[in-house]
Amino acid sequence: MDNQAISYRDLLHPLTPEDFFDQYYGTKPVHIPGDAEKLARIFSWDELNRLLNMSRLWTGKSLKMALDGRNLQPEDFCYPGVTADGHRAMRPDPQRVIELLRRGATVVLDSLETLSPGIAGVAGTLAVVAGGAPTCNAYCSWNEHKGFVAHFDIDDVWALHFEGRKTWRVYEGRFEHPMEIPGFRCESLTPEQREQDKGKVLMEVDMTPGDLLYIPKGQYHDALASSEATLHLSFSVTQVTGHDFMRQLLQDLPEEPLFRRDLPHFDDIEALEAHLGRLADRLREIITLPETAARVSQYQRQNALQNHPANFALPAREQAELYRVRALGTKLVRRGGGWLLTTGSGRETLSADEAEVARWVLGRDYFNAESLARTFDNHDAAALAPVVEKLIGAGLVQPL
């Protein structure tokens, strides 16, 4: 199903996506105030409780708790049990969880990106707009009880606030290009190092329902609830790095005879230098091949869309075609008796009917053929297919 609850353009409003990517993305944080109605369709207390009550979903690794800046261990709120697929794991004990909540503990639900329709819609949007693999965690915190001390994340973060009031502090300190490997993530640093590296407060934000806060990867931050109960979602987007690319490349290098050859003896520095030069030359040749860039692009695409919402629509057993919308920088304006669509790929003249479809498409980040046909119920999917093909040719739409 096409379950997009809000487009990226509406999520950022009044900031435009073009200005966001030009001025903030990957470089500095930004707070975007909003009203409660803006995010109401995405998440709520009712939805949080629905997820919590699906008790077979959770283990001590996917439901986490923290109290006054200390991460609690699964043994503090779980019992030894068995998961739905029969594996032994620590399972949250509802009574112990409630007792800790009464003491002011924060509860965190991990990996929600496909478990709730509203969340799945935002995750799908971030996948196609930011081009990385999204994950989502829910945080429920209580007045004046800090869940987590100042830290940085290895991915960019979009925090969406739903209930209560929470004060966020973003610090000047930033770890350059963090990764999920020892030495390059926050957990690798001592508390003293983190305290020293976070620096001065860069911005302090009181988040209220409808607000969004974007924090680039590596930027130190913390948050403290300032009302009795608060609820927010944290979306992170993992990108493919040069390190990931090299790991993928290493899997293919044995196909190259040069990389299977023994190195010269360690006493023969001259021969060793010459051989390493040949390896470097061949490696450069491989990396700069056009097909290498195409394969990397496909790998990035698969990484970004691996957890994209599934597209089942039973009892119908056909897979509805899913499309991505490439709306950044796109304009649709009237020209004479028709309309002119301008994208990064060029220009396309549209009829009034085609422009109506394009206008609907521009209000979304992704869609499927079924939702398109349902919106324009005076047409069937087959009749709309040529319009979609025209939008594909114009560079506005891309099959997923």
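Among the listed values (i) 21.9, 68; (ii) 24.2, 95; (iii) 24.6, 79, the one computed from these coordinates for Rg and Dmax of the Cα atoms in Å is (iii).
Given +1 at the Cβ of Lys and Arg, -1 at the Cβ of Asp and Glu and no other charges, the dipole of the chain around its Cα centre is 580 debye to the nearest 20.
Would you mind checking the pairs Lys28/Lys331; Lys146/Lys200; Lys166/Lys217; Lys28/Lys64; Lys38/Lys64; Lys166/Lys198 and listing those with alpha carbons more than 24 angstrom apart?
Lys28/Lys331; Lys28/Lys64; Lys38/Lys64
Gyration tensor over the Cα atoms of the range 1-102: the corresponding equivalent ellipsoid has semi-axes (square roots of 5 times the eigenvalues, largest first) of 36, 18, 15 Å.
Among the GluC sites (Glu not before Pro) in the range 185-268, those located in a DSSP loop and surrounded by at most 16 other Cβ atoms within 10 Å of their own Cβ are Glu228. For the range 241-259 versus the range 112-137, the spacing of their alpha-carbon centroids is 30 Å. Working note: 222 nm ellipticity from helices only, DSSP H runs with n ≥ 4, each -39,500 (n - 2.57), summed and divided by the residues of the chain, gives -10000 deg cm²/dmol to the nearest 500. Sort out for me the Cα centre separation of the range 335-400 from the range 179-208, rounded to whole Å. So the separation of the two Cα centres works out to 45 Å.
For the range 65-217, a crude dipole built from +1 on the beta carbon of Lys and Arg and -1 on the beta carbon of Asp and Glu, taken about the Cα centre, is about 220 debye to the nearest 20.
Loop sites here are chymotrypsin sites (Phe, Trp or Tyr not before Pro) outside DSSP states H, G, I, E and B with no more than 12 other Cβ atoms within 10 Å. The longest part of the chain free of them is 1-265. The simple Förster model, with R0 at 22 Å and r as the Cβ-Cβ distance, assigns Met179 and Leu289 a FRET efficiency of 0.25.
Please compute the net charge surrounding Glu255, taking Lys and Arg as +1 and Asp and Glu as -1 over other residues with Cβ under 15 Å from its Cβ.
Overall, the nearby charge balance is 0.
Loop-located trypsin sites (Lys or Arg not before Pro) in the range 103-193 (DSSP state not H, G, I, E or B) with no more than 15 neighbouring Cβ atoms inside 10 Å: Arg103.
For Glu356 and Asn143, a Förster radius of 56 Å and the Cβ-Cβ distance give a FRET efficiency of 0.70, rounded to the nearest 0.05. Here the range 294-328 and the range 45-88 have alpha carbon centers that stand 30 Å from each other. Annotation for Asp46 and Ser188: the two label points, set 7 Å from Cα along the Cα-Cβ direction, are 4.5 nm apart. Dipole orientation for the chain: of the candidates Val129, Ser297, Thr349, Thr349 has the Cα lying most toward the positive pole (charges on Cβ; Lys, Arg +1; Asp, Glu -1).
The loop-placed trypsin sites (Lys or Arg not before Pro) in the range 1-57, going by DSSP, that have at most 16 neighbouring Cβ atoms within 10 Å of their Cβ come out as Arg41.
Laboratory data are not the source of any read-out in this text; all were calculated from the coordinates shown. Computed from a predicted structure; not experimentally measured. Here the Cβ is made from the backbone with ideal geometry for all residues, glycine too, and neighbour counts use every protein chain on show.
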